[in-house]
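Peer 1: What follows is a structure written as structure tokens; I'll ask about it next.
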């Protein structure tokens, strides 16, 4: 039987298709995201089945119907989808391609199973499908420049050309030629090349992506290799942070322990199988001590284990926490000072007046008891004067806490009222310029800006000996502007800011930051001082 050329074609075709299916399944197991490998496996598996039942189908009508009506369409549907799936940019959605290809091929299969169609028509249809396959692979090659696509495209072009030439030379004996099934060999080779090249390109792109992430990471990253702990790779931020030499991780071995004290214990934990997270280290370089949090883990590779260290700079956070603690202390101290000052004012003024009022009333009561109405009336008038004076003192104290005009009329009116009251008392000119803000800022913003303006005026009077202090309120978009400037002696802002115990500027800056405002100061010796605050309308 094997001496029959037709039988030989069936055997070679079944073996070639079966081998192709096995190769496609193996490649798909290596990378299961590639759908085209499944399509190729399906096409070759259907092709192998068709070759196996082709001879028995000549004597079995049911097998003949199954081969022509089912296997033939499935074979070339999988074939078309495998090639179409390799296109980087698909002109149509895959479901449309499936629908059209299935409709055409199953219609042909149903017709061929029902009536005997000329075998030339079958080969013409197969030739057209192979040409389309070759075009898809050639387009894929032009887009990706992967040689596997080119080999597959050339294979399909040669396959379709062989069918055209074979029909002309061999006629009805074309199915007896073993050349057709042998085209599956270069096709399987091209599939292997496509799978390996695509995987290699993906790995290369992944490597470049990870390398870019590694280099641009906002934290220092160091990779060391065991057993010596030499630095194998470090990103540029690690070089800058730890002062690593330029050849670290290259030709000159250097351990991380030699560049960063304290990592030896971390390395011991990693070798013991314990992951390190959030451990803090202090690094001093060029006199600047920085606090770093370390995360580290072990990575076992085929070339040997590695330790991966990533560092996060906590210096700004720790300094902010220290400043916050200092601010809390100053806030508590200021609150205690305010309470003491209020207690002193109440004791020395309101308390003294209330004692005097009680005395006047006691005397008046005693005089009335003796019937001396004129003297009692005189003491009652004196008590009334003391009461009026006490009420005025209480109003002044409440205005000092938060002036009523600030809540009733707004920031500009409150500043004007303050300026009028303080100009005569302080002996300098205080001018307030600006229009009422509409809409009004929130109460927290108004209160903070009012306090900043008062503090700036008081500081100018205490330290700058000005003749004029000018307060300007303005607005820009959704921001409120406060400017306080004087013509006093000015000062060196850098030198003043570095001295301990001078809290005026610090208090104003912290009040501004508390409402989400910016704080700027422009001053120089003998050049006056200008303070500018830009705040949102609502506290941030």
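The values are calculated or read from the model by the stated rules, or taken from the named source; none is laboratory data. Please read all numbers here as calculations on a predicted model, not as lab measurements. Here the Cβ positions follow ideal geometry from the backbone for every residue, glycine too, while neighbour counts run over all protein chains shown.
Peer 1: Inspect all residues belonging to the stretch 286-296 and state whether any of them is in contact (Cβ under 8 Å) with a residue 24 or more places away in the chain and under 22 Å from residue 212 (Cα atoms).
Peer 2: Looking for residues that are in contact (Cβ under 8 Å) with a residue 24 or more places away in the chain and under 22 Å from residue 212 (Cα atoms), one finds at least one in the stretch 286-296, hence yes.
Peer 1: Considering only the stretch 78-88, I want to know if a residue exists there that is under 23 Å from residue 176 (Cβ atoms) and either at pLDDT 85 or above or surrounded by 14 or more Cβ atoms within 10 Å (Cβ to Cβ) (or both). Write out each step before concluding.
Peer 2: Initial filter on the stretch 78-88 (under 23 Å from residue 176 (Cβ atoms)): 79.
The next check asks that each one be either at pLDDT 85 or above or surrounded by 14 or more Cβ atoms within 10 Å (Cβ to Cβ) (or both); those that pass are 79.
Yes, some residue in the stretch 78-88 is under 23 Å from residue 176 (Cβ atoms) and either at pLDDT 85 or above or surrounded by 14 or more Cβ atoms within 10 Å (Cβ to Cβ) (or both).
Peer 1: Another question, if that's okay. Among the residues of the stretch 280-289, is there at least one that is closer than 15 Å to residue 308 by Cβ, surrounded by 15 or more Cβ atoms within 10 Å (Cβ to Cβ) and not assigned by TED's automatic domain parsing to the domain that holds residue 16?
Peer 2: Going through the stretch 280-289, the residues closer than 15 Å to residue 308 by Cβ turn out to be none.
Scanning the stretch 280-289 turns up no residue that is closer than 15 Å to residue 308 by Cβ, surrounded by 15 or more Cβ atoms within 10 Å (Cβ to Cβ) and not assigned by TED's automatic domain parsing to the domain that holds residue 16.
Peer 1: Here is a list: 341, 296, 364. Which entry is at pLDDT 85 or above and either farther than 18 Å from residue 278 by Cα or assigned by TED's automatic domain parsing to the domain that holds residue 238 (or both)? Talk me through it step by step, then tell me what you get.
Peer 2: Numbers: 341 fails: at pLDDT 85 or above; 364 fails: at pLDDT 85 or above.
From the options 341, 296, 364, the qualifying one is 296.
Peer 1: Being over 20 Å from residue 84 (Cβ atoms), modelled with pLDDT of 90 or more and over 44 Å from the mean Cα position of the chain (by Cα) is true for just one of 196, 182. Which residue is that?
Peer 2: Values: 196 fails: over 44 Å from the mean Cα position of the chain (by Cα).
Going through 196, 182 in turn, just one is over 20 Å from residue 84 (Cβ atoms), modelled with pLDDT of 90 or more and over 44 Å from the mean Cα position of the chain (by Cα): 182.
Peer 1: Which is surrounded by 15 or more Cβ atoms within 10 Å (Cβ to Cβ) and under 24 Å from residue 11 (Cβ atoms), of 72, 106? Spell out the reasoning first.
Peer 2: Numbers: 106 fails: under 24 Å from residue 11 (Cβ atoms).
Every option except 72 fails the conditions.
Peer 1: Here are the criteria: (1) surrounded by fewer than 18 Cβ atoms within 10 Å (Cβ to Cβ); (2) free of Cβ contacts under 8 Å to residues at least 40 places away in the same chain; (3) within 17 Å of residue 409 (Cβ to Cβ); (4) in contact with a strand residue (DSSP E or B) (Cβ under 7 Å, 6 or more places away or on another chain). Tell me which single one residue 443 does not satisfy.
Peer 2: The single condition residue 443 does not satisfy is (4).
Peer 1: Okay, next question. Just to verify a result, which residue in the stretch 173-212, among those that are touching a helix residue (DSSP H, G or I) at 6+ places or on another chain (Cβ under 9 Å) and without any contact (Cβ under 8 Å) to a residue 40 or more places away in the chain, is surrounded by the fewest Cβ atoms within 10 Å (Cβ to Cβ)?
Peer 2: First, pick out the residues of the stretch 173-212 that are touching a helix residue (DSSP H, G or I) at 6+ places or on another chain (Cβ under 9 Å): 173-199, 201.
Within this subset, residues satisfying the condition of being without any contact (Cβ under 8 Å) to a residue 40 or more places away in the chain are 173, 179, 183, 186, 189.
Working: 173: 11, 179: 15, 183: 18, 186: 16, 189: 16.
Within the stretch 173-212, the match that is surrounded by the fewest Cβ atoms within 10 Å (Cβ to Cβ) is 173.
Peer 1: Now for a separate question. Hey, does the stretch 12-19 have a residue that's within 23 Å of residue 160 (Cβ to Cβ), modelled with pLDDT of 90 or more and either touching a strand residue (DSSP E or B) at 6+ places or on another chain (Cβ under 8 Å) or buried (at least 20 other Cβ atoms within 10 Å of the Cβ) (or both)?
Peer 2: yes
Peer 1: Then there's this: Assuming residue 399 fulfils every condition listed in (1) surrounded by 14 or more Cβ atoms within 10 Å (Cβ to Cβ); (2) at pLDDT 80 or above apart from one, which condition is it?
Peer 2: Condition (2) is where residue 399 drops out.
Peer 1: Does residue 64 satisfy being over 26 Å from residue 193 (Cα atoms), crowded, with 21+ Cβ neighbours inside 10 Å and touching a helix residue (DSSP H, G or I) at 6+ places or on another chain (Cβ under 6 Å)?
Peer 2: Numbers: over 26 Å from residue 193 (Cα atoms): yes; crowded, with 21+ Cβ neighbours inside 10 Å: no; touching a helix residue (DSSP H, G or I) at 6+ places or on another chain (Cβ under 6 Å): yes.
Criteria not met by residue 64.
Peer 1: When residue 452 is evaluated against the numbered criteria (1) in a helix (DSSP H, G or I); (2) modelled with pLDDT under 90; (3) over 15 Å from residue 538 (Cα atoms); (4) touching a strand residue (DSSP E or B) at 6+ places or on another chain (Cβ under 7 Å), which criterion, by number, is the only one it fails?
Peer 2: All conditions are met except number (2).
Peer 1: Report whether or not residue 240 is in a helix (DSSP H, G or I), surrounded by fewer than 18 Cβ atoms within 10 Å (Cβ to Cβ) and more than 29 Å from the chain's Cα centre (by Cα). Talk me through it step by step, then tell me what you get.
Peer 2: On the way: in a helix (DSSP H, G or I): yes; surrounded by fewer than 18 Cβ atoms within 10 Å (Cβ to Cβ): yes; more than 29 Å from the chain's Cα centre (by Cα): no.
In short, no.
Peer 1: Okay, next question. Residue 451 is checked against (1) free of Cβ contacts under 8 Å to residues at least 60 places away in the same chain; (2) surrounded by fewer than 19 Cβ atoms within 10 Å (Cβ to Cβ); (3) on the phi < 0 side of the Ramachandran plot and fails just one. What number does that condition carry?
Peer 2: Among (1) free of Cβ contacts under 8 Å to residues at least 60 places away in the same chain; (2) surrounded by fewer than 19 Cβ atoms within 10 Å (Cβ to Cβ); (3) on the phi < 0 side of the Ramachandran plot, residue 451 violates only (1).
Peer 1: Something else about it: In this structure, does residue 460 turn out to be assigned by TED's automatic domain parsing to the domain that holds residue 520 and not in a loop (DSSP other than H, G, I, E, B)? Break it down into steps so the answer makes sense when it comes.
Peer 2: Values: assigned by TED's automatic domain parsing to the domain that holds residue 520: yes; not in a loop (DSSP other than H, G, I, E, B): yes.
Against the criterion (assigned by TED's automatic domain parsing to the domain that holds residue 520 and not in a loop (DSSP other than H, G, I, E, B)), residue 460 qualifies.
Peer 1: Starting from residues that are part of a loop (DSSP other than H, G, I, E, B) and surrounded by fewer than 14 Cβ atoms within 10 Å (Cβ to Cβ), keep the ones in the stretch 517-540 and report whichever is nearest to the chain's Cα centre (by Cα).
Peer 2: Looking only at the stretch 517-540, we keep the residues that are part of a loop (DSSP other than H, G, I, E, B), and these are 517, 524-528, 537-540.
From the residues that got through so far, the ones that are surrounded by fewer than 14 Cβ atoms within 10 Å (Cβ to Cβ) too are 524-527, 538, 540.
On the way: 524: 42, 525: 45, 526: 48, 527: 46, 538: 27, 540: 22 Å.
Restricting to residues being part of a loop (DSSP other than H, G, I, E, B) and surrounded by fewer than 14 Cβ atoms within 10 Å (Cβ to Cβ), the top hit is 540.
Peer 1: Here's something else I'd like to know. Counting only residues that are part of a helix (DSSP H, G or I) and touching a helix residue (DSSP H, G or I) at 6+ places or on another chain (Cβ under 6 Å), which one in the stretch 254-277 is modelled with the lowest pLDDT?
Peer 2: From the stretch 254-277, those part of a helix (DSSP H, G or I) are 256-259, 263-271; that's our starting set.
Subset that is touching a helix residue (DSSP H, G or I) at 6+ places or on another chain (Cβ under 6 Å): 256-257, 259, 263-264.
Numbers: 256: 79, 257: 76, 259: 72, 263: 78, 264: 78.
Out of the qualifying residues, it is 259.
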